[in-house]
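Only one structure is covered here, and it is reproduced in the block below.
The values are calculated or read from the model by the stated rules, or taken from the named source; none is laboratory data. Bear in mind that the values here come from a model prediction, so they are computed numbers and not experimental data. Note: ideal-geometry Cβ built from the backbone for every residue, glycine included; neighbour counts use all protein chains shown. When the accessible area is computed, the model is the full protein with side chains, heavy atoms only, and any ligands, DNA or RNA have been set aside. Shrake-Rupley method; radii C 1.70, N 1.55, O 1.52, S 1.80 Å.
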Amino acid sequence: MKREAATIDPRLPAAPEAEIGVCGSVLVTPPSIVEARNLRPTDFSSQNCAAFFAVATDFYRRGLPLDPLALATELASKPPFTSRIDVAEFFAELTEKVVTGAHAAYWVGLVAESSRKRRLLAMGEQVCEAALNGHSSREIINDLFSDVADFQRETVAEPLLSDAVPMSQFAAKDHQLEYLIPGVIVAGQPGVISAKSKSLKTTIALDAVISMETGSAFLNYWPVPAPVACGIISAESGAATLAETIHRICRSKGVDPSELNNCYISTRCPRLQSVEWLDEIRRFIESNELRCLLLDPTYLMLSGMEQNNLAAVAQALGPVGEIVRETGCSIIMVHHNRKVTSVPYGCPTLEEITGSGFAEWARFWLLLNRRREWEEETGRHWLWLVAGGSAGFGARKWLDVREGRQGDLGGRAWDVDIVAASEGESREHQERERQREQEKQAKVEGDQRAIIEAMRKCDRHQATKTDLKSRTGLNTDRLGVALAALLDRGDVEPCNLQKGKGQSYAGFQIHE
């Protein structure tokens, strides 16, 4: 048999005898392959052993018998083998050195250990190369820790799905949700606040973090069970606007801003596609023991990414979800709805969120939309507010806000009023009915005045219906309603009119 070409640098750790032992065990005692199920062909330094092991594991996974003849036929066409003679010589070497599979587990351990050492050396080389090619130290360390974590799982033989349990045990566990704000924000889950531009997203986000930090009611409506540490990274409004808004919200809650020591704020703009920034967000959460963090606005933090590309969005939001899972801190993305919708002032839905994947990623949501245009002169807003979550909770509210203007006595405010949408719709219906009734009454009163004015211009203040229709321009129905009201009040009374050649006509006259 021709001399085997080396696949790795001969100076690197290797266990050639153990590799022969593993392959020989599989050949002479096929069930031994179970002991080697966690090895990979790349764990072997020998090309011959790597090729044999690849074919043997392929047969095993396909449920084919590890028959030496079948293995030899398949191997004959796999590099580095060039013929059946090469395979026969290799099999002869295996059977000469290995007569039983009794020591398979021991040999597997030696092969795995040599492979791990080679990988450690390769990781060191990658660190050196990255340090010499302009990568930041934080990025290098983060990549190294990620590789080491994967490596450690393999070393202790921890399966990636180690959390898998029988469904009976899973169902028996207590999986109750914890709420930071019941019915609005769930602990340890990702969420989204989404609305069109200028719909108070940032102000409502600030109300949320101040409420959670102080234990005061969110929007002066939803109670907060207990104060928690929380934070917001807001990169759009600017420091002056944020500070002024914080003071307004605190005044509305009776809170002293100087006491907000467990609520953190930054005006930087993280890049959620940057490993360095993701690491910094994790550190920010862990060092301050945050239970909730709001990121405002999403479009800036994901700038340069095609947000309608589901795969790209998933790649960006996936690591953020991992931070939520590992830290137990709820992360809420403050996002935008589409500018153009079929119902501009209608109740918002998840389908209106801009981009792909955000609605699927969020486990709870707070959606906003205008019910009508805001009054710039008074700083009043009329909004829809929809809160919901995949756990099955939800609420549909009307949120009315008066912010006022800078020139108002005492400055701007944060006066909020929330009612159930059904109650608000009922109120609005009643108000429309009242306005219609007022308009109807005003029209009748106008018709009455027109009738009186027309009668005053007639001889002896008397007129027939035909005269009144001609002089007022009112149709029969409106004239009849107005006359009936005047008769009921006694302002007008029936009379007989003499016209022409002494003919008498039924008419009306002003009651003096």
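So, in Å, what gap is there between the alpha-carbon centers of the range 259-315 and the range 93-116? When both Cα centres are located, 49 Å separates them.
From the P(r) of the range 53-137, could you give the percentage of C-alpha pairs in the tail past 20 Å? When every Cα pair of the range 53-137 is considered, 58 percent fall beyond 20 Å.
Straight-line reach from LYS499: which lysines fall under 29 Å, measuring Cα to Cα and dropping same-chain residues less than 8 apart? Counting by Cα, and skipping residues close in sequence, LYS499 has these lysines nearby: LYS457, LYS465, LYS469.
With respect to the chain, whose longest principal axis is taken over its alpha-carbon atoms, helix 16-28 is tilted by about 80°. Per residue, the accessible area of the chain comes to 54 Å², computed with a 1.4 Å probe over protein heavy atoms only. Debye-formula intensities of the chain, expressed as log10 I(q)/I(0) at q = 0.07, 0.09, 0.10, 0.12 Å⁻¹, are -0.67, -0.86, -0.93, -1.06 (one equal scatterer per alpha-carbon, no solvent). The aspartates and glutamates whose alpha-carbon is closer than 15 Å to the alpha-carbon of LYS440, local same-chain residues fewer than 8 away aside, are GLU431, ASP477.
For the chain, the longest principal axis of the Cα atoms and the long axis of helix 201-214 meet at an angle of about 70 degrees. For the range 297-369, the set of GluC sites (Glu not before Pro) satisfying both a DSSP loop assignment and a count of at most 14 other C-beta atoms within 10 Å is given as GLU306.
Separation of the range 210-251 from the range 412-472 is 46 Å, based on Cα centroids. Counting only protein heavy atoms and a probe of 1.4 Å, the accessible surface of the range 384-480 is 44% carbon and sulfur.
Annotation for the range 418-512: trypsin sites (Lys or Arg not before Pro) lying in DSSP loop with at most 14 further Cβ atoms inside 10 Å of their Cβ are LYS457, LYS501. In whole Å, how far is the Cα centre of the range 483-499 from that of the range 389-409? Using only Cα atoms, the two centres lie 55 Å from each other. Considering the range 369-415 at the alpha-carbon level, its Rg and Dmax are found to be 14.1, 45 Å.
Using C-alpha pairs under 8 Å with a sequence gap of at least 6, the mean separation divided by the residue count of the range 270-323 gives a relative contact order of 43 percent. What you get for the chain, charging only the Cβ of Lys and Arg (+1) and of Asp and Glu (-1), is a dipole of about 2200 debye around the Cα centre. Measuring from each cysteine beta-carbon in the chain, the ones with no other cysteine beta-carbon under 4.7 angstrom are CYS23, CYS49, CYS128, CYS250, CYS263, CYS269, CYS329, CYS347, CYS458, CYS495. The 3J(HN,Hα) values that the Karplus relation (6.51, -1.76, 1.60; θ = phi - 60°) gives for the range 448-459 are, in residue order, 4, 5, 4, 5, 4, 4, 5, 5, 5, 8, 8, 4 Hz. Gly and Pro appear as x. With respect to the chain, whose longest principal axis is taken over its alpha-carbon atoms, helix 239-253 is tilted by about 60°.
Restriction of the trypsin sites (Lys or Arg not before Pro) in the range 34-94 to DSSP coil positions whose beta-carbon has at most 16 other beta-carbons within 10 angstrom yields ARG37, ARG62. For q = 0.12, 0.13, 0.14, 0.16 Å⁻¹, what log10 I(q)/I(0) does the range 124-226 give under the Debye formula with an equal point scatterer on each alpha carbon and no solvent? Listed by q, the Debye log ratios stand at -0.81, -0.85, -0.87, -0.87. Taking 29 Å as the straight-line reach from the Cα of LYS201, the lysines in range (excluding those fewer than 8 positions away in the same chain) are LYS253, LYS339, LYS397.
Over the chain, calculate the relative contact order: mean separation of alpha carbon pairs under 8 Å at least 6 apart, over the residue count, as a percent.
Values: 768 pairs, mean separation 53.0, N = 512.
RCO, the chain: 10 percent.
Place +1 on the Cβ of every Lys and Arg and -1 on the Cβ of every Asp and Glu in the chain, take the dipole about the Cα centre, and give the residue among SER422, PRO319, PRO65 whose Cα lies farthest towards its positive end. Farthest towards the positive end: SER422. Gain on full extension, evaluated as 0.36 nm per residue between LEU177 and PHE145 minus their Cα-Cα distance, stands at 8.4 nm.
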